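Below is one structure, written out as structure tokens; the observations come after it.
The values are calculated or read from the model by the stated rules, or taken from the named source; none is laboratory data. Note that this is a predicted model, so its numbers are computed, not measured. Every residue, glycine as well, gets a Cβ built from its backbone with ideal geometry; the counts of neighbours run over all protein chains shown. Ligands, DNA and RNA are stripped out before the accessible areas are found, and what is left, the full protein with its side chains, is counted by its heavy atoms. Shrake-Rupley method; radii C 1.70, N 1.55, O 1.52, S 1.80 Å.
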Amino acid sequence: MKNAVISSTGLWTPPHSISNEELVASYNAWADNWNRERDADIASGLIEPKTHSSVEFIEKASGIKSRYVMNKTGVLDPDIMAPRIPERPNEQISVMAEIAVNAAREALERAGRKPEDVDAVICAASNMQRAYPAMAIEVQQALGIGGFAFDMNVACSSATFGIQTAADFVRSGSARSVLMVNPEICSGHLNFTDRDSHFIFGDVATAVLVEEESFAPAGHWKILGTKLKTEFSNNIRNNFGFLNRAAPEGIGAPDKLFKQEGRKVFKEVVPMVATMINEHLDELGLQGTDLRRLWLHQANANMNRLISTKVLGHEASADESPTVLDTYANTSSAGSIIAFHKHSEDFVSGDKGLICSFGAGYSAGTVFVEKTA
Ligand code: CO8
């Protein structure tokens with residue numbers, strides 16, 4: 001069996017950022033309008049008024065201070081409360097493919113790769129813009145890559161599942177170089193009128209180049225081990241799908257967007273992921289103290305604090321478990337890859353770390369890596 005390594009990563013960040021202050025002001029204006037339109041029913045006690053969101057709550061509960069989005073004006077307009085991303089004709093590259101290509105170009109450049117060196121493209125993300133043709137095939141065509149391409153979706157764990165899938169192709173010999181991209185337009189499926197979750201997500205695209213060790217450039221990352229886990233849960237759901245066109249309430253209904261029982265997710269996912277990491281460490285003959293850094297899924301700063309404590313045996317410093325939540329918010333599958341991309345330049349040969357993601361499904365993935373010279 002061949003060895004699979006990570007040769008490089010790429011990141012594309014949207015140009016527009018929304019601060020908590022801006023987001024909360026628009027939510028509160030929307031809530032005031034909603035209450036005003038229903039003041040008789042609220043006064044008679046028939047319905048509860050919407051209460052204001054708060055910047056302090058968001059920062060304390062999640063660690064998020066701002067997020068990047070594809071479209072700022074639509075999200076912040078109290079009469080719209082959603083991104084306005086114009087549809088494109090079939091002749092033009094689609095939005096998801098375009099941002100994936102932006103991230104992919106950086107990954108290819110950093111590895112010194114030409115498109116013809118790559119054998120396969122995997123597009124792994126929480127939601128795809130369309131059913132078919134696969135976003136990955138459009139990315140493949142835009143970059144001029146041969147071989148094959150396909151989409152996969154494991155919600156927030158899509159990137160680690162994508163890395164293992166790519167690594168398995170390399171290990172088995174069916175590809176020598178696999179480009180795995182994560183275009184995440186989370187604002188498109190976030191309900192900006194839901195006070196409990198309107199602040200959670202942001203948009204971004206990341207790319208990871210997984211290659212056969214002997215072909216990879218110097219300074220690559222050995223993949224010491226990958227592990228995936230799923231366990232069904234209704235606590236994070238999005239019911240949007242092709243059967244919804246018959247739904248009487250229409251495709252804009254709240255359950256056709258992101259919806260979660262955030263508290264339950266927090267309580268159930270933290271032990272699941274910490275146990276999974278520790279078991280995988282055991283299998284690899286490693287200990288938490290052997291890891292220089294954890295690049296954890298970026299959903300919630302408090303979750304990451306608890307998980308890293310259970311793995312390292314002490315509360316992780318910002319150096320041991322860096323966060324990008326403050327500026328990017330939760331970018332679904334891309335979060336741990338952004339953290340890895342932005343916080344790995346200081347690693348020297350032999351340093352080990354863990355890329356770990358978790359989310360809807362439930363799903364979780366661990367990828368242990370070691371820097372080479
Ligand atoms: N402003 C002020 N107060 C608020 C707000 C707000 N915006 N929201 C809630 N509150 C209030 C509540 O009403 C509640 O008040 P009370 O105690 O009086 O009832 C109080 O604050 C506490 O509320 P919660 O219990 O909900 O707050 P938590 O401390 O649990 O924090 C979090 C909420 C941040 C959501 C937290 O529970 C959390 O982070 N949970 C885990 C989330 C997570 O990891 N989810 C995974 C999602 S990722 C995934 O896999 C999906 C991928 C799909 C991508 C989708 C893209 C859109």
Study note, to complete from the structure: Counting only residues 5 or more apart in sequence or on a different chain, those whose built amide H sits under 5 Å from that of Lys50 are Asn35
Revision key, fill the gap. Helix 20-37: inclination vs the chain longest Cα principal axis, degrees, rounded to 10, gives 30 degrees
Study note, to complete from the structure: Spelling it out for His16: with amide H atoms placed in the peptide plane at 1.01 Å from N, the residues 5 or more places away or on another chain with amide H under 5 Å from its amide H are Val69
Review point. Residue separation times 0.36 nm, minus the C-alpha to C-alpha distance between Ala131 and His52: what's the value?
Key: 24.7 nm
Point to revise | Over the stretch 89-131 - Rg/Rh using Cα atoms and the Kirkwood inverse-distance radius | key: 1.01
Point to revise | Percent carbon-and-sulfur accessible area, the stretch 94-247, ignoring ligands, DNA and RNA, probe 1.4 Å | key: 49 percent
**Study point:** At R0 = 51 Å, FRET efficiency that the Cβ-Cβ distance of Ser317 and Arg245 yields, to 0.05
**Key:** 0.50
Review point. Which of the aspartates and glutamates could a cross-linker bridge to Lys267, judged by Cα under 12 Å and excluding same-chain residues fewer than eight apart?
Key: none
Check your understanding: By how many nm would the segment from Ala218 to Ala25 lengthen if fully extended, with 0.36 nm per residue of separation less the alpha-carbon distance?
Key -> 64.6 nm
Check your understanding: Hey, what angle do you get for helix 158-172 against the long axis of the chain, alpha-carbon based, 0 to 90 degrees rounded to 10?
Key -> 20 degrees
Exercise for review: State the extension gain, in nm to one decimal, for the chain segment bounded by Lys60 and Leu284, taking 0.36 nm per residue of separation less the distance between their alpha-carbons.
Suggested key: 77.1 nm
**Study point:** Helix-only CD estimate at 222 nm, as mean residue ellipticity for the chain, using -39500 (n - 2.57) per DSSP H run (n ≥ 4)
**Key:** -10000 deg cm²/dmol
Point to revise | Whole-number percent relative contact order across the chain, with pairs defined as alpha carbons under 8 Å at least 6 apart | key: 23 percent
Check your understanding: If all Cα-Cα distances of the chain are sorted into 20 Å bins from 0 onward, what percent lands in each bin, rounded to whole numbers?
Key -> 30, 57, 13, 1
Check your understanding: Cross-link list Lys227/Lys352; Lys229/Lys310; Lys114/Lys352; Lys60/Lys371; Lys114/Lys371: which exceed 26 angstrom alpha carbon to alpha carbon?
Key -> Lys114/Lys352; Lys60/Lys371
**Study point:** Residue-normalised accessible area of the chain, given per residue in Å² at a 1.4 Å probe
**Key:** 44 Å²
Review point. Whose amide H sits under 5 Å from the amide H of Ala175, counting only residues 5 or more places off or on another chain, with H placed in the peptide plane?
Key: Val170
Study note, to complete from the structure: Expressed as a whole-number percentage, the relative contact order of the stretch 221-371 with C-alpha contacts under 8 angstrom and at least six residues apart is 35 percent
Point to revise | J(HN,Hα) series, the stretch 276-291, from Karplus relation 6.51 cos²θ - 1.76 cosθ + 1.60, nearest Hz, glycine and proline x | key: 4, 4, 5, 5, 5, 4, 4, 4, 8, x, 10, 10, x, 5, 6, 8
Point to revise | R0 of 22 Å, Cβ-Cβ distance Asn35-Arg263: FRET efficiency to nearest 0.05 | key: 0.30
